[in-house]
Amino acid sequence: MFLADCPARTAIEVIAHKWSVVVLFALSEGPKRHGELVTLTGGISRKVLTETLRKLQANGLVTREAFAEAPPRVEYALTPLGETLQEPIRMLTLWARENGEALVDHQESYSRT
């Protein structure tokens, strides 16, 4: 199922990027500006956010809309394809909330050995 030319593998590679799921989750409640996304994602640099948004846009998960205003305004939003990831992201978030502490405990005990 996850051979090199498999579409499932390609999809996993796109969303497995460190910041992809975080950005997709931040966009789940509607369009956001770049600065809003920096604040919502916490810890991501502007450069990495821009790279992540471009990658998500190139894969059809996010749109970028530039408004003809002064000063310029740009908003990012989920595409219909990006919205299909919201339920899996919610499930993963729930799992992380329920099991995150156990993961940290195991990491700490492993690093002591």
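Let me know the volume per residue of the alpha-carbon convex hull for segment 1-48, in Å³. Please report the intermediate quantities before stating the final value.
Working: hull volume 4.4 nm³, N = 48.
In segment 1-48, the Cα hull volume divided by residue count equals 91 Å³.
Of the listed values [x] 147; [y] 199; [z] 94, identify the label whose number matches volume of the Cα convex hull per residue in Å³ calculated from this model. Only one option fits the structure, namely [x].
Using 0.36 nm times the number of residues separating Ile89 and Asp5, minus their current alpha carbon distance, what extension gain do you get?
The span from Ile89 to Asp5 would gain 27.8 nm if fully extended.
Just tell me the longest site-free run in the chain, where the sites are trypsin sites (Lys or Arg not before Pro) in a DSSP loop having at most 12 other beta-carbon atoms within 10 Å. For trypsin sites (Lys or Arg not before Pro) (loop position, at most 12 other Cβ atoms within 10 Å), the longest site-free span of the chain is 19-111. Note that segment 21-35 has calculated 3J(HN,Hα) couplings of 5, 4, 5, 4, 5, 4, 8, 5, 9, x, x, 9, 7, 3, x Hz, one per residue in order, obtained from phi through the Karplus relation 6.51 cos²θ - 1.76 cosθ + 1.60 (θ = phi - 60°); glycine and proline are x. With helices as the sole contributors, the chain gives -18000 deg cm²/dmol at 222 nm; each DSSP H run of n ≥ 4 counts as -39500 (n - 2.57), and the sum is divided by every residue.
Estimated from the Cβ-Cβ distance and a Förster radius of 41 angstrom, the FRET efficiency linking Asp105 and Glu36 is about 0.75.
Over segment 7-111, Cα pairs under 8 Å with separation of 6+ residues give a relative contact order of 26 percent. Shown in residue order for segment 6-18 are the 3J(HN,Hα) couplings computed by the Karplus curve 6.51 cos²θ - 1.76 cosθ + 1.60 at θ = phi - 60°: 7, x, 5, 5, 4, 4, 5, 4, 5, 7, 7, 4, 3 Hz (x for Gly and Pro).
Bear in mind these aren't lab numbers, they're just calculated from the coordinates by the rules spelled out. Everything quoted here is computed from the prediction, not taken from an experiment. Counting neighbours? That spans all protein chains shown, and the Cβs are built from the backbone with ideal geometry, glycine included.
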